[in-house]
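One structure is given here, and the rest of the page talks about it.
A short reminder: the numbers here are calculations on the coordinates, not readings from a lab. For clarity, every value in this text was computed on a predicted model and none was experimentally measured. Cβ atoms come from the backbone with ideal geometry, glycine included; neighbour counts cover every protein chain shown.
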Amino acid sequence: MRNYLLVANQTLGGERLVAMLDELVREGPCSLRLVVPVTDTEGSHQWDYPPVDRFMPDAHVIARALGEGRLEHELARLRRAGVDVAGEVVDAEPLARIVELLGEGSFDGIIVSTLPRRLSRWLITDLPHRIARATQVPLTHVEGEAGPSI
């Protein structure tokens, strides 16, 4: 059975990524491990307002909840298709966790799914190339639209 590590967040459930994953499944049995980095915005802590004004949770809390929702939605979809799949939400900078997972198991490939270049922070920070330099596992970069916001 082929094993793949998928790094994605906002593109989970997007048309292009779904098509690629469905093609992997059609090619034969495979196992997927999803890594969903939190999409932090400008900061990870509550604004510096007086406590009485803190009706909204921190941006980081909201970003983590959105990532967890996307992950659960995609895990359910893939399991219905008969895929052996697991996943986790990780910190906004996922490289250390990816390297750790690669040390724990054998993977045939890594798939990194990003938003288009004009919208992708991961492409601005060169995440696909940084992952490729940190490992010997073949990497595929999929650029696509955002999936549903769960």
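The table that follows gives values for the structure above.
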item: Fewest-first sequence of Arg70, Arg117 by Cβ atoms within 10 Å of each Cβ; result: Arg117, Arg70
item: The range 69-150: projected area of the alpha-carbon convex hull, averaged over directions, in nm²; result: 5.9 nm²
item: Sequence-separation-based contact order of the range 2-143, relative, with Cα cut under 8 Å and 6+ spacing, percent; result: 32 percent
item: Neighbour-count order for Glu74, Glu27, fewest beta carbons within 10 angstrom listed first; result: Glu27, Glu74
item: Highest-MSF residue in the chain out of Ile62, Ile110, Ile124 [GNM, Cα springs under 10 Å]; result: Ile124
item: Of every Cα-Cα pair in the chain, the percent that sits beyond 28 Å; result: 19 percent
item: Only Lys, Arg (+1) and Asp, Glu (-1) charged, at Cβ; the chain dipole about Cα centre in debye; result: 320 debye
